[in-house]
1. Any residue at all in region 62-80 that is in a loop (DSSP other than H, G, I, E, B) and closer than 18 Å to Ala181 by Cα?
2. Please go through (1) within 25 Å of Leu323 (Cα to Cα); (2) of a type in the set (Gly, Ala, Ser); (3) assigned to a loop (DSSP other than H, G, I, E, B) for Gly434 and return the number of the only condition it doesn't satisfy.
3. Kindly list the number of the only condition in (1) farther than 24 Å from Gly383 by Cα; (2) away from the ligand (no atom under 16 Å from the Cβ) that fails for Asp324.
4. Restricting attention to region 118-143, which residues are without any contact (Cβ under 8 Å) to a residue 40 or more places away in the chain and either closer than 16 Å to Tyr299 by Cβ or in a helix (DSSP H, G or I) (or both)?
5. Every residue in region 407-431 that is of a type in the set (Phe, Trp, Tyr) and outside any loop (DSSP other than H, G, I, E, B), please.
6. Pairs needed: first member in region 237-254, more than 17 Å from Ala274 (Cα to Cα) and touching a residue at least 40 places away in the same chain (Cβ under 8 Å); second member anywhere, part of a loop (DSSP other than H, G, I, E, B) and acidic (Asp, Glu); C-beta distance under 8 Å; at least 6 residues apart or different chains.
7. Return the residue satisfying two criteria in turn: it lies in region 327-341 and is surrounded by fewer than 24 Cβ atoms within 10 Å (Cβ to Cβ) and not small (Gly, Ala, Ser), and of such residues it is farthest from the ligand (Cβ to nearest atom).
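The values are calculated or read from the model by the stated rules, or taken from the named source; none is laboratory data. Just so it is clear, the model here is predicted, and its values are computed rather than measured. Cβ coordinates were reconstructed from backbone atoms using ideal geometry, including for glycine residues, and neighbour counts include every protein chain displayed.
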Amino acid sequence: MGGTRRQENQNAGPVLVWFRDDLRVSDNPALFSAVQSGRAVVCVHVRDTVSQDLRRPGAAQDWMLHHGLVALEKSLFALGAKLVVRSGPSHEVIADLVAETGAKLVHWNRRHSGPEVAIDKKLKAALIASGVETHSFQANLLHEPTTLLTGAGGPYRVYSPFWRAFEKLPAPRAPLPAPMAIQGHQQEIESLAVSDLGLLPTRPDWAGGLRENWLAGEAGAMALLQEFLQVGIIGYGQGRDFPSKPHVSKLSPYLRFGMISPFQIWHEAGKAAAPAHDLEKFRKELVWREFSWHLLFHYPDLHWRNFDQRFDEFPWLTQSPGLDAWKKGMTGYPIVDAGMRQLWQTGYMHNRVRMIVASFLIKHMMVDWRVGETWFWDTLVDGDPASNSASWQWVAGCGADAAPYFRIFNPVIQGGKFDPDGAYVRKFVPELSGLSDRYLHKPWEAPLEVLFKARIKLGDTYPKPLVDHARARDRASQAFESLKKAG
Ligand code: FAD
C-alpha cells in the first residue's frame with residue numbers, strides 16, 4: 001500500500017476486529033487484513049450469554065476460554081493493541097462500539113453454527129444500513145460448507161465421499177504470519193477485565209486437573225503441535241487407538257477456541273518427517289472435524305434432533321439410576337471408568353475411549369445420547385458444537401454416516417484390545433492397579449484370593465458391574481429390532 005493511501009486510511013477511523021472462536025494473532029485473516037488496511041485496530045471479544053438460541057459453553061470450556069483470552073490479551077498487547085472485553089448481546093455490543101469509536105469497518109472470521117450465523121447476518125445488515133462496511137474471512141475451516149457440496153449441490157452425509165471431494169479441491173491455503181505490529185486505537189475504550197467475565201470456577205475450584213494439563217493460548221498450542229510432530233505422528237495410524245500411547249495430538253481444545261488454525265496444523269504436519277500413511281490418517285481426522293462442521297452448518301439442530309428421524313421413536317431413557325455412576329467413573333467396567341475419570345480430572349478423553357463410554361451409556365444403559373452429549377459438553381475442554389453432537393449421534397446409530405445401532409462395544413474386549421498392558425486403566429483407576437493384566441478389564445472374574453492380594457473388595461473398594469454385558473446387549477438388540485419393524 002502506498003504512503004498516501006495509508007495516510008488516508010489512518011484518518012478513516014479504526015477497524016474493529018471481533019475475536020470469537022479465533023483467539024490467535026497468527027493465521028488470523030480478520031486481524032491480518034485489518035492491520036494491512038493501515039487503519040488503527042480495535043480488538044474486541046464479547047461474552048454473549050443472552051442472545052437467543054446461542055449455546056452457552058460448558059464449565060470446562062469456560063475455563064479454557066478464560067485462559068485463552070488472557071493469552072490473546074498478552075499477545076495483542078505485545079504487538080501494540082489492547083483487547084476490549086465486553087459482555088451482552090453481541091450485535092448490540094458491536095454496534096455500540098462502532099458508534100463509540102467511529103469505526104467504519106468491522107472484520108470477523110466466519111463461524112458456522114446456526115444461531116451464530118444468524119447473529120452475524122443480522123449485525124451485517126444493521127451495520128451496512130448505517131454506512132459501516134463488514135468483511136468476513138475464512139479462518140476456522142479448511143473449506144467452507146458453502147463450497148464443498150455434492151454434485152447435486154447438497155451437503156455430504158457420508159464421510160468417504162466428503163474426503164474424496166475434499167482431496168480434489170485446491171490444497172488448503174498457507175497460514176498467514178502474525179502481524180509485526182498493530183496500530184492500536186488512540187482513544188481509551190471502556191473494557192471489562194477477562195476475570196470480570198466469571199469464567200473460572202470458584203467455590204469449589206475444581207480446575208486443578210485442567211491447570212496441570214493445559215497451557216491455553218497460541219504458544220501452548222504450537223508447542224504441543226511441534227512435540228506431536230516430532231514424536232506422536234510417527235505411528236499415528238495404528239497408535240491413535242491406544243489411549244496410553246503418545247500418538248494423539250491433544251490439539252482439540254485449541255482448535256475449539258481457535259488458538260491454532262487447521263491451516264497451521266495441516267501445513268506444519270506436511271513438513272514433519274512422518275510416513276505418508278500416518279500423515280494422511282492424521283489429516284483425515286482433521287477432516288472429520290470439518291465434516292462435523294459441515295453437517296452442523298447444514299443441519300443446525302444436530303445437537304438435539306436425531307439426524308435419522310426413525311430414531312425419534314426409540315425407547316431411550318432420559319433418567320437412569322446408573323447415570324451418576326457413569327458420570328463418576330463407577331460403573332464397574334474399568335475401561336469405561338478410566339475414561340470418565342480422565343474426563344473429570346483433565347477435561348479430555350481419548351477418542352477410542354469416548355466411543356466406548358458413549359456406547360456404554362447408550363447401549364448398555366439405554367440412555368438417550370443427548371444426556372451424554374450434554375455431560376461431555378459441560379466437562380470437556382474441547383466441547384465442540386459440531387464434533388460433539390455429530391460423534392454422539394454417530395455412536396448412537398442415528399447420525400450421518402453412523403455406526404450401525406446393533407454394533408455394541410464389549411467393554412471387556414475393547415479394554416483388552418486397546419489397553420492390553422492396562423497402563424491407562426491403572427493410571428485413572430488406581431484402586432485396580434494391583435490386579436494382573438488377565439483380570440484388569442474384568443475384575444469380577446478374578447478369584448477371591450487374587451482380589452484379596454490386590455487389595456480389592458468388589459462392591460466396596462471398586463464397584464461390581466452396573467449391568468451385565470450379555471443381558472444389556474440383548475436388550476439393546478431387541479429395542480433396535482422393534483425400531484426396524486416399526487420403521
Ligand atoms: P487427534 O487424533 O490428534 O486428531 C487431530 C484433530 O482431528 C483433533 O484435534 C480433532 O479436531 C480432529 N479429530 C480427530 N478425531 C476426530 C473425530 N472422531 N471427529 C471429529 N474430529 C476429530 N472432538 C472435539 O473436538 N470436541 C468434542 O466435543 C468431541 N466430542 C466427541 C464425543 C464423542 C462421543 C466421540 C466419540 C468423539 C468426540 N470428539 C470430539 C472427536 C474426537 O474424540 C476428538 O476430536 C479427539 O479425541 C481429540 O483429540 P486429539 O486432538 O488428540 O485428536
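1. First, pick out the residues of region 62-80 that are in a loop (DSSP other than H, G, I, E, B): 80.
Now restrict to residues that are closer than 18 Å to Ala181 by Cα: 80.
Yes.
2. With respect to (1) within 25 Å of Leu323 (Cα to Cα); (2) of a type in the set (Gly, Ala, Ser); (3) assigned to a loop (DSSP other than H, G, I, E, B), Gly434 is out only on (1).
3. Result: Asp324 fails condition (1) only.
4. Asp120, Lys121, Lys122, Leu123, Lys124, Ala125, Ala126, Leu127, Ile128, Ala129
5. Step one: list which residues in region 407-431 are of a type in the set (Phe, Trp, Tyr), which gives 409, 418, 424, 428.
Those that are of a type in the set (Phe, Trp, Tyr) and outside any loop (DSSP other than H, G, I, E, B): Phe418, Tyr424, Phe428.
6. Final answer for the pair search is Phe242/Asp419; Pro243/Asp419; Ser244/Asp419; Ser244/Asp421; Ser252/Asp382; Ser252/Asp384; Pro253/Asp382.
7. Met330
Table: residues versus (1) touching a strand residue (DSSP E or B) at 6+ places or on another chain (Cβ under 7 Å); (2) more than 26 Å from His469 (Cβ to Cβ); (3) modelled with pLDDT under 95.
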site: Thr379; (1), (2), (3): no, no, no
site: Ser387; (1), (2), (3): no, yes, no
site: Trp392; (1), (2), (3): no, no, no
site: Ala400; (1), (2), (3): no, yes, yes
site: Ala403; (1), (2), (3): no, no, yes
site: Phe406; (1), (2), (3): no, no, yes
site: Ile413; (1), (2), (3): no, no, no
site: Asp419; (1), (2), (3): no, no, no
